[in-house]
Protein chains: 2
Amino acid sequence: MNRFEEKTISSTNVYKGRVIELRLEEVELPDGNHALRELIDHPGAVAVLAITDDNKIVFVEQYRKALNRSIIEIPAGKIEPGEDKELTAIRELEEETGYGSRAFTYIQSFATSPGFANEIIHIYLARDLYKVENPAPGDEDEFIRILECTIEEAKQMVQEEQIYDAKTAFAILYAEKLLDF
Amino acid sequence: MNRFEEKTISSTNVYKGRVIELRLEEVELPDGNHALRELIDHPGAVAVLAITDDNKIVFVEQYRKALNRSIIEIPAGKIEPGEDKELTAIRELEEETGYGSRAFTYIQSFATSPGFANEIIHIYLARDLYKVENPAPGDEDEFIRILECTIEEAKQMVQEEQIYDAKTAFAILYAEKLLDF
């Protein structure tokens, strides 16, 4: 889909970090004028809506420095270079919650901030959960608390803005529909 | 909520642009170790789920340079400095679609990419729409096409990844529930 295409006139790399890169692009607009776009490159991420046999959603609480607070989210993580994204999702679920799933399916992908970033997040559904015996350890700079909540409890946490991110907001609506709430 | 707080040890501004800023922060983790966080500051945004009297959702198609393609989204825009976010939402709906609303309500706010950005998007619901006679013009570097689609058509566009962003994915699930689809 190239409607209203903005052609790149020039591109300058400003920062290349461990997770993100920042690029400035001068573009030509459909009317011939020029504009500057500030763009973040991100490797992409996965997230998992994991639902227990008693219809609870598995969440993790973690501190998000960008927000200067901790929030409650569905398990998620960045895609490592060359890693298959479904395997990333299975790995992240195990690392963050200790769960494996016998019914792991793809839901949907979306860009989180298309105005300035190319981050795509791929959402999976994990049901028929079991506890992995010796789960793989998580990242050493990641501190998390696991919660299992009913849909009602999750909706309450949305109201209180303890749940406060796009993928989790989407996942809760999805779970509500799935569980016919 | 400060569980697992990461205390800032040092902060360096790397880039200050028209829309975003990039900051590097060295933080102290709960176990005393240090880590680097790459953080994007963003002024925040609003988005509007506008539903016509015949239960169609109003979308805009626009080119997103970050994705190098055009996608179909609900109307949205950045919050200007000092601007009340509900007024931003009303303004963006008018500028992008020519619609006003006699039943404008707040739905929910969420961070789009809490792993690296502080962008919060505030979602509003607009019903009882009317055409504004002389709508305010939009940004001069913004080229958009307006679409009005049924829920079924919107779900098809999700399948085809023409709809491909977090706020719109959330809005469609919300509309499905609202319209009891």
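The values are calculated or read from the model by the stated rules, or taken from the named source; none is laboratory data. Predicted, not measured: the structure shown is a model, and the values here were computed from it. Here the Cβ positions follow ideal geometry from the backbone for every residue, glycine too, while neighbour counts run over all protein chains shown.
When the test is whether a residue is assigned by TED's automatic domain parsing to the domain that holds A:Lys78, more than 28 Å from B:Val27 (Cα to Cα), crowded, with 19+ Cβ neighbours inside 10 Å and among the β-branched types (Val, Ile, Thr), A:Ile172 passes it.
For the stretch B:121-139, the count of residues that are at pLDDT 95 or above and under 21 Å from A:Ala45 (Cα atoms) is nonzero. Can you name every residue in the stretch B:56-87 that is small (Gly, Ala, Ser) and more than 14 Å from chain A (Cβ to nearest Cβ)? Hit for the stretch B:56-87 is B:Gly82, nothing else. Here B:Ile20, B:Ile90 are screened, and the one residue that is surrounded by 18 or more Cβ atoms within 10 Å (Cβ to Cβ), aliphatic (A, V, I, L, M), under 21 Å from the mean Cα position of the chain (by Cα) and facing chain A (nearest Cβ under 7 Å) is B:Ile20. Taken as a whole, the condition of being crowded, with 18+ Cβ neighbours inside 10 Å, farther than 24 Å from A:Lys131 by Cβ and in contact with a Lys or Arg (Cβ under 8 Å, 6 or more places away or on another chain) applies to A:Ile79. Taking the stretch A:46-144 and the strands (runs of 3 or more DSSP E) fully enclosed by it, the elements with 1 or more residues that are basic (Lys, Arg) and within 22 Å of A:Glu161 (Cα to Cα) are at A:57-64, A:69-73. Restricted to the stretch B:165-181, and to residues there that are more than 23 Å from B:Tyr130 (Cα to Cα) and not hydrophobic (A, V, I, L, M, F, W, C), the residue that is nearest to the other protein chains (Cβ to nearest Cβ) is B:Asp165.
Conditions tested, residue by residue: (1) under 17 Å from A:Glu142 (Cβ atoms); (2) out of contact with any Asp or Glu (no Cβ under 8 Å at 6 or more places or on another chain); (3) at pLDDT 95 or above.
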position	(1), (2), (3)
A:Arg37	no, no, yes
A:Ile40	no, no, yes
A:Ala47	yes, no, yes
A:Thr52	no, no, yes
A:Lys56	no, no, yes
A:Tyr63	yes, no, yes
A:Arg69	yes, yes, yes
A:Ile72	yes, no, yes
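Among the residues of the stretch A:23-35, which ones are within 20 Å of A:Pro114 (Cβ to Cβ), more than 7 Å from chain B (Cβ to nearest Cβ) and loosely packed, with under 15 Cβ neighbours inside 10 Å? Correct list: A:Glu28 only. Kindly establish whether B:Gln162 is in a loop (DSSP other than H, G, I, E, B) and either within 7 Å of chain A (Cβ to nearest Cβ) or more than 23 Å from A:Ala117 (Cβ to Cβ) (or both). It is true that B:Gln162 is in a loop (DSSP other than H, G, I, E, B) and either within 7 Å of chain A (Cβ to nearest Cβ) or more than 23 Å from A:Ala117 (Cβ to Cβ) (or both).
Looking across the stretch B:94-149, just one residue is aromatic (Phe, Trp, Tyr), within 13 Å of chain A (Cβ to nearest Cβ) and surrounded by fewer than 18 Cβ atoms within 10 Å (Cβ to Cβ), and that is B:Tyr106. Being touching a residue at least 24 places away in the same chain (Cβ under 8 Å), closer than 22 Å to B:Met157 by Cα, of a type in the set (D, E, K, R) and not assigned by TED's automatic domain parsing to the domain that holds A:Ile20 is true for just one of A:Lys85, A:Lys167, A:Lys131. Which residue is that? On inspection, the qualifying residue turns out to be A:Lys167. What pairs come out if I take residues in the stretch B:1-23 that are assigned by TED's automatic domain parsing to the domain that holds B:Arg37 and without any contact (Cβ under 8 Å) to a residue 40 or more places away in the chain and pair them with residues that are among the β-branched types (Val, Ile, Thr) and surrounded by fewer than 14 Cβ atoms within 10 Å (Cβ to Cβ) whose C-beta lies under 8 Å away, six or more apart or interchain? Every condition considered, the pairs that remain are B:Arg23/B:Thr12.
Being acidic (Asp, Glu), within 12 Å of chain B (Cβ to nearest Cβ) and surrounded by fewer than 22 Cβ atoms within 10 Å (Cβ to Cβ) is the filter here; which residues of the stretch A:36-55 pass it?
The one that is acidic (Asp, Glu), within 12 Å of chain B (Cβ to nearest Cβ) and surrounded by fewer than 22 Cβ atoms within 10 Å (Cβ to Cβ): A:Asp41.
Would you call A:Asn68 under 26 Å from B:Leu36 (Cβ atoms), in the same structural domain as A:Glu152 (by TED's automatic domain parsing) and without any contact (Cβ under 8 Å) to a residue 40 or more places away in the chain? Here the answer is yes, as A:Asn68 does meet what is asked. Among the residues of this structure, A:Glu176 does not count as one that is part of a loop (DSSP other than H, G, I, E, B) and more than 18 Å from the chain's Cα centre (by Cα).
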